[in-house]
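Student: Supplied in structure tokens, the structure appears directly below.
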Amino acid sequence: MSIELKRIHHVAYRCKDAKETVEFYQRVLNMDFVLAIAENEVPSTKEPDPYMHIFLDAGAGNILAFFELPSLDEMGRDENTPKWVQHIAFELDSVEALLEAKASIEAEGISVIGPTNHGIFKSIYFFDPNGHRLELAANTGTPEQMAQLHEVAPAMLEEWTKTKKAPRHAAWLHEDN
């Protein structure tokens, strides 16, 4: 039997305050608050650990979820991983929509980095109230560029595995930006 995935059902992160998180994603990213699940016991492990689990519609059937865990120590982040690595990226329709989103987010008093040109997409970056880095991206790559990147991906991974240095197969992504 072969596993056939349909899509990501949801991706879950921790939040400091469920209400503040819902309000942020509704106001800043226009996400619909889909549902909430709250329990005093973890269903899978039966541990006594009250939680609020919130689900937000990130478009096209993609669900972004958060857990508020008030009985645990204050949430932190992996201090051994740079802040720019772990992030949630959302796709927008166009570079124009990306620029409009940047202006809208900055109008909320939120600091935004970018747009950054990644060769096949442009993106902006900012943080939610929980410290999660968010990215909004607009694709700019051509089908030919995407095919080329797909073709060289295995060779790039093999070279990286051996050298731990950036392979040059797709250096064109950032050289002329």
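Computed from the coordinates by the stated procedures, all read-outs in this text should not be read as laboratory data. Just so we're clear, the structure is a prediction, and the values are computed from it rather than from any experiment. Cβ coordinates were reconstructed from backbone atoms using ideal geometry, including for glycine residues, and neighbour counts include every protein chain displayed.
Student: For a protection proxy built on the mean count of beta-carbon atoms within 10 angstrom, sort 137-144, 37-44 highest first, please. Provide the component values of the computation, followed by the final result.
Tutor: On the way: 137-144: 13.9, 37-44: 10.4.
Sorting 137-144, 37-44 by mean packing, highest first, produces 137-144, 37-44.
Student: Mean Kyte-Doolittle of at least -1.0 and a Cα length of 27 Å or more along the axis: which whole DSSP H helices of the chain meet both?
Tutor: 143-163
Student: May I pose another question? Once you sort the root eigenvalues of the Cα gyration tensor of region 48-128 as a ≥ b ≥ c, which label holds: rounded (a/c under 1.5), prolate (a/b larger than b/c) or oblate (the other case)?
Tutor: prolate
Student: Moving to a separate point now. Using Cα-Cα distances under 8 Å and only pairs 6 or more residues apart, what relative contact order does region 2-77 have, in percent? Provide the component values of the computation, followed by the final result.
Tutor: Working: 122 pairs, mean separation 27.4, N = 76.
Dividing the mean separation by the residue count of region 2-77 yields 36 percent.
Student: Convert 10 °C to kelvin, take the viscosity as 1.306 mPa s, use the Kirkwood radius over C-alpha pairs of the chain as Rh, and evaluate the Stokes-Einstein diffusion coefficient in µm²/s, rounded to a whole number.
Tutor: Estimated via Stokes-Einstein, D reaches 84 µm²/s.
Student: What list of whole percents do you get for P(r) of region 1-106, with Cα-Cα distances grouped in 10 Å bins up to the one holding the largest distance?
Tutor: 12, 35, 36, 14, 3
Student: May I pose another question? Which shape class applies to region 87-139: rounded if a/c is under 1.5, otherwise prolate when a/b exceeds b/c and oblate if not, where a ≥ b ≥ c are the square roots of the Cα gyration tensor eigenvalues?
Tutor: On the way: a/c = 2.03, a/b = 1.37, b/c = 1.48.
Judged from the Cα gyration tensor, region 87-139 comes out oblate (a/c at least 1.5, b/c at or above a/b).
Student: Dipole size in debye (nearest 20) for the chain around its Cα centre, Lys and Arg Cβ +1, Asp and Glu Cβ -1?
Tutor: It comes to approximately 460 debye.
Student: If you take the Cα Rg of region 11-68 and divide it by 2.2 N^0.38 Å, with N the number of residues, what do you get?
Tutor: 1.15
Student: How far is it, in nm, from the label point at residue 46 to the one at residue 158 when both lie 7 Å from their Cα along the line to the Cβ?
Tutor: Between residue 46 and residue 158, the label points sit 5.0 nm apart.
Student: Which of the listed residues, 5, 43, 172, is farthest toward the dipole's positive end in the chain, when Lys, Arg count +1 and Asp, Glu count -1 at the beta-carbon?
Tutor: Comparing the listed Cα positions along the dipole, 172 ranks first.
Student: While we're here: Would you mind calculating the gained length between residue 110 and residue 4 on full extension (0.36 nm times residue separation, minus the Cα-Cα distance), in nm to one decimal?
Tutor: Working: separation 106, 0.36 × 106 = 38.16 nm, distance 3.97 nm.
That pair, residue 110 and residue 4, stretches by 34.2 nm at full extension.
Student: Still on this model: In percent, how large is the relative contact order of the chain, given Cα pairs closer than 8 Å and 6 or more residues apart?
Tutor: RCO, the chain: 17 percent.
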